[in-house]
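Engineer: Once you've had a glance at the structure underneath, I'll fire off some questions.
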Amino acid sequence: MRFSFLIIDDKDTTVKETLELFENFPNYFCAGIVKDSQTALKQIIKLKPQLVMVQIPVKSNDANLFFETIKESFQYIDSMPYFIVLAPTPDYALTAIQSGFSDYSIMPLQIQQLGKSLFRFEKRNQGPIVSTICIKSHSDYKFVPLQDILYLKADNNTTDIKLLNNSNNGNNGDNNIVNAFKTLKHFENILPFYFLRIHKSYIVNINYVSRIYLSKSKCYLNYDEPLPFSLTYKENVDAIIRKINI
């Protein structure tokens, strides 16, 4: 099973160190990096990471305010991620736990300590794995395995779902496309973390991204299908690059 995580840290050096430690755990995917609590809240709601690594102190230099902000944010999040606090001393441990954080580690973070924290996280995240999506078209219900979805393309208020060429989806040769009477925004909100929006018209399954051509703003799927990406979603493109670059 794969897990997504978000890093909240205003220091580039410690971000780099954290990412290097996670390279030892290939089933974890960095969905984003943010530098303050307000941006973090927006990204948690947008990206729906399962795990959040929080470096203290953050840019505001006010840890108590930061804890309070995160605590208040819980009411806006449907599915709470697992928060791990990273701090240079144990001074904030009680406040962190009282604020709803799940784990606490002393910096500098060591691989053994990270491994223990991830083990505790995984024990709490042993729920059922969503592997299929239901696409309704009038009275027709199609159950599509998520692993068969290559990308989704907006078509006004509907969405075209492009499947792998070898998918058995019952479309009888119509180019492996399933039409859904839902907006792309709807699918952005319900699909798991490995589906990322790269353009106002496209969501891609990052497991099939084979190349990103930055100068031409192109994202290639399965080596032969280029899709455009826009600067609006550059953070998501950066996340894909980190995943491919492991």
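Engineer: Ranked from the most accessible area to the least, with a 1.4 Å probe and all protein chains present, what is the order of H186, H138, H199?
Structural biologist: H138, H186, H199
Engineer: Given charges of +1 on the Cβ of Lys and Arg and -1 on the Cβ of Asp and Glu, with all other atoms neutral, how large is the dipole of region 190-246 about its Cα centre, in debye to the nearest 20?
Structural biologist: Working: 8 positive and 4 negative charges, 25 e Å.
With Lys and Arg at +1 and Asp and Glu at -1, about 120 debye.
Engineer: Sticking with this one: Taking 0.36 nm per intervening residue step and subtracting the Cα-Cα distance, what contour gain separates Y220 from Q147 on full extension?
Structural biologist: 24.6 nm
Engineer: Something else now. What accessible area per residue comes out for the chain, rounded to a whole number of Å², with a 1.4 Å probe?
Structural biologist: 54 Å²
Engineer: Continuing with this model, one more query. With a/c under 1.5 counting as rounded, go ahead and sort region 1-87 into rounded, prolate or oblate using the C-alpha gyration tensor (a ≥ b ≥ c being the square roots of the eigenvalues; past the cut-off, prolate if a/b is larger than b/c, else oblate).
Structural biologist: Oblate shape, in that a/c is at least 1.5 and b/c is the bigger or equal ratio.
Engineer: Still on this model: State the answer as a single residue: which of L86, L47, I97 lies farthest towards the positive end of the charge dipole of region 40-102, with beta carbon charges of +1 for Lys and Arg and -1 for Asp and Glu, about the Cα centre.
Structural biologist: Of the candidates, L47 comes out farthest on the positive side.
Engineer: Counting helices only, and only those DSSP H runs with n ≥ 4, report the 222 nm mean residue ellipticity of the chain as the sum of -39,500 (n - 2.57) divided by its residues, in deg cm²/dmol to the nearest 500. Could you put the intermediate results ahead of the total?
Structural biologist: On the way: 7 runs with 71 residues, N = 246.
My calculation for the chain gives -8500 deg cm²/dmol from helical runs alone.
Engineer: For region 136-246, what is the convex hull (Cα atoms) projected area averaged across all directions, in square nanometres?
Structural biologist: Working: hull surface 29.0 nm².
Result: 7.2 nm².
Engineer: Also, quick follow-up: Hey, which lysines would be in cross-link range of K185, C-alpha to C-alpha under 17 Å, not counting anything within fewer than 8 residues on its own chain?
Structural biologist: Straight-line reach from K185, under 17 Å: K42, K46, K48, K136, K153, K162, K200.
Engineer: Here's another thing I want to ask about it. So for the chain, averaging the separation of alpha carbon pairs under 8 Å that are six or more residues apart and normalising by length, what relative contact order in percent results?
Structural biologist: Numbers: 389 pairs, mean separation 32.7, N = 246.
Relative CO of the chain lands at 13 percent.
Engineer: Check cross-link reach from K216 to the aspartates and glutamates: straight Cα distance under 19 Å, and skip same-chain residues fewer than eight apart.
Structural biologist: D224, E225, E235, D238
Engineer: To the nearest 10 Å², what's L164's accessible area with a 1.4 Å probe?
Structural biologist: Ignoring ligands and nucleic acids, L164 comes out at about 20 Å².
Engineer: So, one more: Here are a few candidate values for Cα Rg over 2.2 N^0.38 Å: (1) 1.00; (2) 1.05; (3) 1.09. Which one was actually calculated from the structure I just gave you?
Structural biologist: Answer by label: (3).
Engineer: Measure off, as a whole percent, the carbon and sulfur share of the 1.4 Å-probe accessible area of the chain, all protein chains present.
Structural biologist: 50 percent
Engineer: Here's a follow-up. Once the dipole of the chain is set up with Lys and Arg at +1 and Asp and Glu at -1 on Cβ about the Cα centre, which of H138, L114, G32 lies farthest towards its positive end?
Structural biologist: H138
Engineer: Heavy-atom accessible area of M1 with all protein chains present, probe 1.4 Å, nearest 10 Å²?
Structural biologist: Surface accessible to solvent at M1 totals approximately 110 Å².
Engineer: Could you size up the charge dipole of the chain around its Cα centre, putting +1 on the beta carbon of Lys and Arg and -1 on that of Asp and Glu, and report it in debye to the nearest 20? Mind dumping the intermediate values first?
Structural biologist: Numbers: 27 positive and 24 negative charges, 77 e Å.
For the chain, the charge dipole is close to 380 debye.
Engineer: Taking 0.36 nm per residue of sequence separation and subtracting the Cα-Cα distance, how much length would be gained by fully extending the chain between L231 and Y213, in nm to one decimal?
Structural biologist: This chain segment gains 5.2 nm when fully extended.
Engineer: Sticking with this structure for a sec: Could you give the length gained on full extension between T13 and K116, defined as 0.36 nm per residue of separation minus the Cα-Cα distance, in nm?
Structural biologist: Between T13 and K116, full extension yields 34.8 nm more.
Engineer: Quickly work out the N24-to-T89 label distance, labels modelled 7 Å from Cα along the C-beta direction, and quote it in nm with one decimal.
Structural biologist: With each label placed 7 Å out from Cα toward Cβ, I get 2.7 nm.
Engineer: So, in Å, what gap is there between the alpha-carbon centers of region 34-50 and region 127-159?
Structural biologist: So the separation of the two Cα centres works out to 26 Å.
The values are calculated or read from the model by the stated rules, or taken from the named source; none is laboratory data. Just so it is clear, the structure is predicted and the values come from calculations on it, not from any experiment. Here Cβ is always computed from backbone atoms with ideal geometry, including for glycine, and neighbour counts include all displayed protein chains. Surface accessibility is based on the protein's heavy atoms, side chains included, excluding ligands, DNA and RNA. Shrake-Rupley method; radii C 1.70, N 1.55, O 1.52, S 1.80 Å.
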